[in-house]
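The values are calculated or read from the model by the stated rules, or taken from the named source; none is laboratory data. The model shown is predicted, which means the values in this text are computed figures rather than measured ones. Here the Cβ positions follow ideal geometry from the backbone for every residue, glycine too, while neighbour counts run over all protein chains shown.
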């Protein structure tokens, strides 16, 4: 009992001492409610390492690289130089190239002659114009030969030659119509005029068969008939 009494009578610390002890204690952070920062610790995994390539793998890699270089080389070699990349076009046709599609190619090429120099482009239409011009010249030559042959012909043959001369005039008229049709690319009219021209040549030959004499205009008539066939062939190309 005395001990309890003595304990109750023990001196208590003053209020000032308590306040000073509180002030001297370490202060908490300004935001006591903020949780401490969480540090993320990265798990340390062992670094992946590639297995070293063996000799066989190195050989395969080198072979693949060389094949890719060989495949790219021809493609680069075939490319045109920059200055000519846009200047390469289809090769220009010649008169002989166009005449290959006609009934008589050699005659077509020969009769065109130097006329192709007057045309910037050689095509079926321009070659047809050349053939019509040559046709007209050959017809005029036939008419000149009529006058020569009539000087030594028999009276019956002279009459037939006069008829052939009038047929040649009809041919020239048909050629005029043919030229107009060429301007409109009217292939139907071109073929019609050439058909009538060929018929005129055949009529001239028939006149001499009727009297049983050789036609002095036979060589001209054969050329004109073949030229008319070439013109018909060219009309199918325009």
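Determine whether residue 193 is without any contact (Cβ under 8 Å) to a residue 24 or more places away in the chain, part of a helix (DSSP H, G or I) and crowded, with 17+ Cβ neighbours inside 10 Å. The answer is yes for residue 193. Which of the numbered conditions does residue 131 fail, given that it passes all the others? Conditions: (1) outside any helix (DSSP H, G or I); (2) at pLDDT 95 or above. Checking residue 131 against (1) outside any helix (DSSP H, G or I); (2) at pLDDT 95 or above, the one that fails is (1). Of all residues in region 117-128, those satisfying the criterion of being assigned to a helix (DSSP H, G or I) and out of contact with any helix residue (DSSP H, G or I) (no Cβ under 6 Å at 6 or more places or on another chain) are 117, 118, 125, 126. Annotation note: of 190, 238, 182, the sole residue that is at pLDDT below 95, touching a helix residue (DSSP H, G or I) at 6+ places or on another chain (Cβ under 7 Å) and more than 16 Å from residue 139 (Cβ to Cβ) is 238. Check whether at least one residue in region 154-172 is more than 14 Å from residue 133 (Cα to Cα), assigned to a loop (DSSP other than H, G, I, E, B) and under 52 Å from the mean Cα position of the chain (by Cα), and report yes or no. There is no residue in region 154-172 that is more than 14 Å from residue 133 (Cα to Cα), assigned to a loop (DSSP other than H, G, I, E, B) and under 52 Å from the mean Cα position of the chain (by Cα).
For region 141-164, a residue qualifies if it is over 12 Å from residue 216 (Cβ atoms) and in contact with a helix residue (DSSP H, G or I) (Cβ under 8 Å, 6 or more places away or on another chain), and the qualifying residues are 141, 143, 156, 162, 163. For region 199-214, which residues satisfy the criterion of being without any contact (Cβ under 8 Å) to a residue 40 or more places away in the chain and either crowded, with 21+ Cβ neighbours inside 10 Å or not in a helix (DSSP H, G or I) (or both)? Within region 199-214, 200, 201, 212, 214 qualify.
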